[in-house]
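Written below as structure tokens is the structure these notes are about.
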Amino acid sequence: MTGKYILNTMPTQVSKDVVELFHSIETATIGHWRLFGFCHRGIRAMQTGVRAVGTAVTVAIPGADSTLLHHAIDQLRPGDFLVVDRLGDDRHACWGGGVSSAAMARGIAGAVVDGPVTDISEINKLELPMWARGVSPITTRIYDLGGRMNVPVNIGGAVVVPGDLILADESGVLVIPADEAEDEGKKAFEFQQRGLETERRLRAGELMIGNLQNVNEMVLNGQKKGDC
């Protein structure tokens, strides 16, 4: 008996203008105010100095089987960010050099696997932006056990809906609903621009405390009140 598959249509891609905006944004910038959508820090970049942004295409595959992943690769469009829910498996690497080659040929923006990958040197040679929980030499097989494509998935505690914007860098992976992405991107861009101006003033000799709004007042008020 073969496994059951659910294959939903490919999501609408995030607009090119919004994607371009996020190419200059750091996940840690948005982490100053946003609390939701960040994947567990155990999911890490497999390269240094990497950043990628794209439209979430989701896959959920069980245990030692990666049948659906190979089908999903063939459906990818330039700018898609493949998100793979391993349903709790942390033993089998579903992603390696061969899958990376195929994904790069489809123009993938990046990939995140909530589990291990393998063939890191090949992935890096191909310059595929990759996030995962580490590496494993034990690989998946084509067992036809079933799976789900383009359904909501859980990646490191963050819910990913097909069509969400994925922003990933050395600090981590962030998921933003498509209808919130433009506003968050503009806010983050302005925040970073103010940060650059603050850095300029600090290099010019200003005290750091002067650039933190109301900090002096809070400290002094707390001292007067006897707060800890």
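The table below lists the values:
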item: Per-residue SASA entry for residue 23, accessible area with 1.4 Å probe, Å² rounded to 10; result: 90 Å²
item: Nitroxide proxy distance, nm - points 7 Å out along Cα→Cβ at residue 143 and residue 180; result: 3.6 nm
item: Cα-based shape type of the stretch 14-171, given that a ≥ b ≥ c are square roots of the gyration tensor eigenvalues and the cut on a/c is 1.5; result: rounded
item: Exposure rule at most 15 other beta-carbon atoms within 10 Å, DSSP loop GluC sites (Glu not before Pro): the chain longest free segment; result: 1-126
item: Solvent-accessible area per residue, Å², over the chain with all protein chains present [probe radius 1.4 Å]; result: 54 Å²
item: Extended-chain gain in nm, criterion 0.36 nm per residue less alpha-carbon gap, residue 32 and residue 90; result: 17.8 nm
item: Cβ-based net charge around residue 77, under 14 Å, with every Lys or Arg adding one and every Asp or Glu removing one; result: 0
item: Loop sites in the stretch 1-102: chymotrypsin sites (Phe, Trp or Tyr not before Pro), DSSP, at most 13 other Cβ within 10 Å; result: 33, 36
item: Residues of the stretch 147-182 with amide N under 19 Å of the 7 Å Cα→Cβ point at residue 77; result: 149-152, 161-167, 176-182
item: 15 Å cut-off, amide nitrogen to a point 7 angstrom out along residue 191 Cα→Cβ, residues in the stretch 137-170; result: 167-169
item: Bridge type composition, the chain - antiparallel percent by DSSP, nearest 5; result: 50 percent
item: Carbon and sulfur %, accessible surface of the chain computed with the full protein complex present, 1.4 Å; result: 53 percent
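The values are calculated or read from the model by the stated rules, or taken from the named source; none is laboratory data. For clarity, every value in this text was computed on a predicted model and none was experimentally measured. Cβ sites come from the backbone with ideal geometry, for glycine too, and all protein chains shown count toward neighbours. To get the accessible areas, we keep the full protein, side chains included, count just its heavy atoms, and leave off ligands, DNA and RNA. Shrake-Rupley method; radii C 1.70, N 1.55, O 1.52, S 1.80 Å.
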